[in-house]
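The values are calculated or read from the model by the stated rules, or taken from the named source; none is laboratory data. Remember, predicted model here, so these are calculated numbers, not experimental data. Neighbour counts run over all protein chains shown; Cβ positions are idealised from the backbone, glycine included.
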Number of protein chains: 4
Amino acid sequence: MIIVMNDNATKQEMEQVVDRLEAVGLKVHLSTGDSRTIIGVIGEKGLIAEQPIEAMPGVEKTVAVTESYKLVSRSFHQEDSIIDIDGVKIGGGNLAVMAGPCAVESMEQLLESARVVKAAGAQFLRGGAFKPRTSPYAFQGLEVKGLEMLAKARELTGLKVVTEVVDVESVPVVAEYADMLQIGARNMQNFKLLTAAGKSNKPVLLKRGLAATINEWLNAAEYIMSEGNYNVVFCERGIRTYEEYTRNTLDLSAVAAVKQISHLPIIVDPSHGTGRWKLVGPMSRAAVACGADGLMIEVHPNPAIALSDGKQSLTPENFSLVMKEISGIANLMGMKMA
Amino acid sequence: MIIVMNDNATKQEMEQVVDRLEAVGLKVHLSTGDSRTIIGVIGEKGLIAEQPIEAMPGVEKTVAVTESYKLVSRSFHQEDSIIDIDGVKIGGGNLAVMAGPCAVESMEQLLESARVVKAAGAQFLRGGAFKPRTSPYAFQGLEVKGLEMLAKARELTGLKVVTEVVDVESVPVVAEYADMLQIGARNMQNFKLLTAAGKSNKPVLLKRGLAATINEWLNAAEYIMSEGNYNVVFCERGIRTYEEYTRNTLDLSAVAAVKQISHLPIIVDPSHGTGRWKLVGPMSRAAVACGADGLMIEVHPNPAIALSDGKQSLTPENFSLVMKEISGIANLMGMKMA
Amino acid sequence: MIIVMNDNATKQEMEQVVDRLEAVGLKVHLSTGDSRTIIGVIGEKGLIAEQPIEAMPGVEKTVAVTESYKLVSRSFHQEDSIIDIDGVKIGGGNLAVMAGPCAVESMEQLLESARVVKAAGAQFLRGGAFKPRTSPYAFQGLEVKGLEMLAKARELTGLKVVTEVVDVESVPVVAEYADMLQIGARNMQNFKLLTAAGKSNKPVLLKRGLAATINEWLNAAEYIMSEGNYNVVFCERGIRTYEEYTRNTLDLSAVAAVKQISHLPIIVDPSHGTGRWKLVGPMSRAAVACGADGLMIEVHPNPAIALSDGKQSLTPENFSLVMKEISGIANLMGMKMA
Amino acid sequence: MIIVMNDNATKQEMEQVVDRLEAVGLKVHLSTGDSRTIIGVIGEKGLIAEQPIEAMPGVEKTVAVTESYKLVSRSFHQEDSIIDIDGVKIGGGNLAVMAGPCAVESMEQLLESARVVKAAGAQFLRGGAFKPRTSPYAFQGLEVKGLEMLAKARELTGLKVVTEVVDVESVPVVAEYADMLQIGARNMQNFKLLTAAGKSNKPVLLKRGLAATINEWLNAAEYIMSEGNYNVVFCERGIRTYEEYTRNTLDLSAVAAVKQISHLPIIVDPSHGTGRWKLVGPMSRAAVACGADGLMIEVHPNPAIALSDGKQSLTPENFSLVMKEISGIANLMGMKMA
């Protein structure tokens, strides 16, 4: 940490800061200029973070030098991590495609979706059984019945199942039916849920919060990893900005950034990211081109009668088209589509 | 709902839309212009919301005419609601002040804070026992021990206790010790937690999410009210914007807006809202001037040694000063400080 | 400036940085920790800013210690500046009210507005003769004819005139007719226009850009002041965020912040800031309560037939009401309404 | 336009609205539901836009049905426009690459940059002669001297020259030296400058404003086109969000969206868009993959000594690498790199 003192800070104020830091065992370096003093602080990260230096008299600001996450960082693990989901790999050159309806509505709808996405080359079936909805009066999902349908669809198609878990209480039941737990954008900083997911033995797909910084997102993954669960995959799904044409602003530079900062895989959800099915194709291509390890795409056998998010769902025909386009890019990027 | 058709939509596409709506019992009005057709849809709100019209061929966009919340709306309850917290009132001209440290650190710190804020005129003691923190390695709160200390401080000072609940599981224990449950910004759309708070018999302080629209915030309160718990108080605590000088951007226009849209009380947290103790005084005055029903302010007997958020905490002296300033404004606004 | 080196920066990389800085005459302090080196740089601000240190090998990031503005800062001028507009004062305890229609539409409309706002206690008549509009097909203002009407209205009422200047070319003509030049949000970083306004001998009202940081805004004022024109007044008018209920998000904490950082006066425009006339009253009260030196409010004799921004304009009756409310708050704050 | 009346609007209020619209010759359709009335308005776009309906009593909100731009729209011109810059084409399958230093610093630096980017396959030399800078004390560019150097570099390399014009006054001199006028992000709504560019006979590169919506951006282009200059190319360069890791948030979904809405070409500037040279490669690939018609990339022979934006500039080696990567993607997308 670096501490910048006010230009009219007194010698006594500076000494107070130094004393406080040294009292807890931290090392201190002073740089005294003509108009102000800068204090460099060296020592254990957690210890430094706990010191409320900015509230001390004479202090103008403090600047963090290192980030607070460790296990998610490439300095902790240099090679790309490969997450193995019961035989299907994500990361390290394996492009994962997760597709299916926004919500599980019925066995027929789910199975038809599953067959369509399987045929087009997806390895994962997505579909919400528990749906977080803005209004308490909107469709909230089929819950456990939906999980059973997902398991049935897996049995019949061989697809892996990824589905959202919305509270600590239902981690066990979702873990029983699903191959991968999804933590949604609204729960990215539901730290109790992150911890519970970290204690489960299931791989976790961690969506970025609506207004989460990359740094907060990495720290959320650290919550999971610090419980011993190293099978974490990030999912960029758009951030909230002032732009109204798209539902969210898909931040693909976050994908390239996370690939550089972390060893964990990252996939992209262009369906929620844009909220418009006509943008799903172009953004899927772009995602793979900038290094994403996979895609999560909404496909519905009949978007016009979907119970949620029909506007952003692809028809089976359009999904096949998108799959063809991305396979070209994946190939160019040296990636395998399992 | 209003449906705007594309300017090259076919007659058949228009009829498909109409048929679908009429099939579920909705009434439809057509306005046909030279270049495009507009369809007005009338009927039960929930039923309309379930129709995925935007995915149908020929549809350009849909526009919601009415909001999805009911119980929180002034059309449901014209008069200002007054929330009675075991004898202390919020709303209807009663200015509530909640003050205390960000986190409960020790009995001594808490009790000293409680005495200070009581002496200056606050009616509520705030203080986190469960702390949601960005990093898993940061101080996470004293948990149940912290709750016990809060209850003890209430016993000794007569202040009401408001404290955060971070998961469904701990709703009962927090409800046992606290007079009011706080739902924090990161959990504003943790719908399971909202529902659990709605099922408890405790008043709820609902903070606005970091990037929540006013509409989403009102819907979050609807989750609580729809469970039968009508004792909800909003708390504006700043939204996330590009501005870096302040920790968040305190959106006081949301206070004035919520007062017009809803009958529920709303208070303001200028400490988290600005992240700078020097801005707490001016923004407290502004909050009361624009109609807020109360304030939540961080006060620490010694901010420079606080375990969290020392930068934004007031000293006892500064808190007394702020209380004097706001009492002048409250008086002018015709409000009682209980 | 502080330079943070990578944790794997070589000694040679560090020396390269030091050499480059010393070569141009800057002083350097090293703080070497176990894992990384921090370099403090001291010397002339402009010289430091010119060094592209972040592109040098081994450098992780740089942190600015001091801001780049000088003349706008309170360290340059400790006392509140009072701007004298031909006898009417802004700042130093004088509350200025600027009111009138969004656009000058006709002599009748303008004069009626002027009389209304004068009667209610405003000292300035506002009204756009040159209107920056999103679409080229929208009403662009009466231009010089509008300026003539403003001057006529001044003659008949004694109000001072503040009106927008949208390009360098028209600075002379606007300066000829107006008492104060307004630089609009969209032109806040039109540096040529700032420079031209700085060279004129007219006081300048500098609106905050739609997405401008406080720091950028202060620097924009520095452009004007560095040309020798010290008569600058800031105007907060809302920033662009994701919130859609209000037209913009009025950032009153920026008002309190600017009052602390700078000696220049700052006023608030709640009409553009919220885009809703029902929020103008509450936000005007809040603005004065948090320290604003004045207000700019849209008033139209008949908002329902206004050519622009009717939705946010007050009727004469409502404006009188708002004036009464703010005079109470101004009084409490120890301010004179001239 | 659609007008939604309040649920307690009176019959008289509704009639007032209808009368006002019919008085100016607009056609009106009423849809009366149980609780509220909806009014559809049909007629000439500009005429509708001028009616301040939202300020009329009884009106809850209005919804625009059609956008205000015409010439930029695909409904006006179905085919992709191809902009011919003195023999080099942008759009219609021709990938344009504009590269060079952020600022023109000296003939040597510029020429070395030009040779490097030419050798790697760029067709345009970029470089600022007039530099808009946040602080008045930062390097403002070499101005006309810089333009002369650009022209000289063109003569020696055959590259086309694109450079920024920052005010109306210098449009003629920039047009004299450059092949294409760039309008920067800060000037995207400098309507006088747009109009002047529209009156020049030079192709215009229109960067997106820092906080501009897609709709505002398209309208800005309409300003240029409505003056008769149809040679407009958009440039996405990142928008301002809360994320701090990147300088801006590059919004590639805007590229895909603009390609669908408009016939004009659009290119991407990943250098300003991310502010980090390490992200330029991945985002260049992504841009081409989602349909961009070109790229603008900062290249400096020695970024570590660049006078501005060294942090985001590529070295010659890295630029060659990026060019190789994008040529693969361009090929896959069926595009020619001229």
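The set of residues from the stretch B:182-212 being among the polar types (S, T, N, Q) and either closer than 25 Å to A:V165 by Cβ or facing chain A (nearest Cβ under 9 Å) (or both) comprises B:Q182, B:N187, B:Q189, B:N190, B:T195, B:S200.
Results for (1) in contact with a strand residue (DSSP E or B) (Cβ under 8 Å, 6 or more places away or on another chain); (2) within 13 Å of another protein chain (Cβ to nearest Cβ), shown as yes or no for each residue.
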position	(1), (2)
D:G58	yes, yes
D:T62	yes, yes
D:Y69	no, yes
D:V88	yes, no
D:M98	yes, no
D:R126	yes, no
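Out of the residues in the stretch C:220-241 that are in contact (Cβ under 8 Å) with a residue 40 or more places away in the chain and polar (S, T, N, Q), which is farthest from the other protein chains (Cβ to nearest Cβ)? Out of the qualifying residues, it is C:N231. Pairing each residue of the stretch C:301-316 that is at the interface with chain D (Cβ under 7 Å from one of its Cβ atoms) with any residue that is among the acidic types (D, E) and not in a helix (DSSP H, G or I), provided the two are 6+ apart or on different chains, yields C-beta distances under 6 Å for C:L307/C:E105; C:S313/C:E298. Residues of the stretch D:70-112 that are touching a helix residue (DSSP H, G or I) at 6+ places or on another chain (Cβ under 6 Å) and outside any loop (DSSP other than H, G, I, E, B): D:L95, D:A99, D:G100, D:M107, D:L110, D:L111.
Considering only residues in the stretch C:158-177 that are of a type outside the set (A, V, I, L, M), crowded, with 17+ Cβ neighbours inside 10 Å and outside any strand (DSSP E or B), the one that is farthest from the other protein chains (Cβ to nearest Cβ) turns out to be C:Y177.
Note on the stretch A:248-263: among residues that are of a type in the set (S, T, Y) and within 7 Å of chain D (Cβ to nearest Cβ), the one that is nearest to D:T213 (Cα to Cα) is A:T249. Considering only residues in the stretch B:199-219 that are in contact (Cβ under 8 Å) with a residue 40 or more places away in the chain and in contact with a Cys (Cβ under 8 Å, 6 or more places away or on another chain), the one that is surrounded by the most Cβ atoms within 10 Å (Cβ to Cβ) turns out to be B:L205. Looking across the stretch A:71-86, the residues that are out of contact with any strand residue (DSSP E or B) (no Cβ under 6 Å at 6 or more places or on another chain) and of a type in the set (D, E) come down to A:E79, A:D84, A:D86.
Residues that are more than 30 Å from C:D7 (Cα to Cα), out of contact with any Pro (no Cβ under 9 Å at 6 or more places or on another chain) and either free of Cβ contacts under 8 Å to residues at least 40 places away in the same chain or hydrophobic (A, V, I, L, M, F, W, C) (or both): does the stretch A:68-83 have at least one? For the stretch A:68-83, residues more than 30 Å from C:D7 (Cα to Cα), out of contact with any Pro (no Cβ under 9 Å at 6 or more places or on another chain) and either free of Cβ contacts under 8 Å to residues at least 40 places away in the same chain or hydrophobic (A, V, I, L, M, F, W, C) (or both): absent.
Set side by side, the residues D:E60, D:E54, D:E67 differ, and just one is closer than 30 Å to C:P303 by Cα and assigned to a strand (DSSP E or B), which is D:E60.
Being within 14 Å of chain A (Cβ to nearest Cβ) and out of contact with any Cys (no Cβ under 8 Å at 6 or more places or on another chain) is a property that B:S81 lacks.
When we screen B:V72, B:V59, B:V117 for residues that are outside the structural domain of B:V232 (by TED's automatic domain parsing) and closer than 21 Å to B:G294 by Cβ, the only hit is B:V72. Residue count for the stretch D:310-338, restricted to those that are of a type in the set (G, A, S) and under 14 Å from D:V299 (Cβ atoms): 3.
Residues in the stretch B:183-206 that are farther than 16 Å from A:N187 by Cβ and outside any helix (DSSP H, G or I) were compared, and the one that is modelled with the lowest pLDDT is B:N201. How about the stretch B:274-286: which of its residues are more than 7 Å from chain C (Cβ to nearest Cβ) and either surrounded by fewer than 24 Cβ atoms within 10 Å (Cβ to Cβ) or under 19 Å from B:V258 (Cβ atoms) (or both)? If the condition is that a residue be more than 7 Å from chain C (Cβ to nearest Cβ) and either surrounded by fewer than 24 Cβ atoms within 10 Å (Cβ to Cβ) or under 19 Å from B:V258 (Cβ atoms) (or both), then B:G275, B:R276, B:G281, B:S284 are the ones that fit.
D:L314 meets all of the listed conditions (1) closer than 27 Å to A:G334 by Cα; (2) of a type outside the set (V, I, T); (3) touching a strand residue (DSSP E or B) at 6+ places or on another chain (Cβ under 6 Å); (4) surrounded by fewer than 24 Cβ atoms within 10 Å (Cβ to Cβ) but one, namely (4). Here B:E105 passes the criteria (1) crowded, with 20+ Cβ neighbours inside 10 Å; (2) out of contact with any strand residue (DSSP E or B) (no Cβ under 9 Å at 6 or more places or on another chain); (3) within 30 Å of B:M225 (Cβ to Cβ); (4) not aliphatic (A, V, I, L, M) except the one numbered (3). Scanning the stretch D:1-39 for residues that are among the aliphatic types (A, V, I, L, M), in contact (Cβ under 8 Å) with a residue 24 or more places away in the chain and in a strand (DSSP E or B), we see that the one that is farthest from D:P52 (Cα to Cα) is D:I38.
Screening the stretch B:58-116 for residues that are more than 21 Å from B:T157 (Cα to Cα) and of a type in the set (S, T, Y) and picking the one that is modelled with the highest pLDDT gives B:S81.
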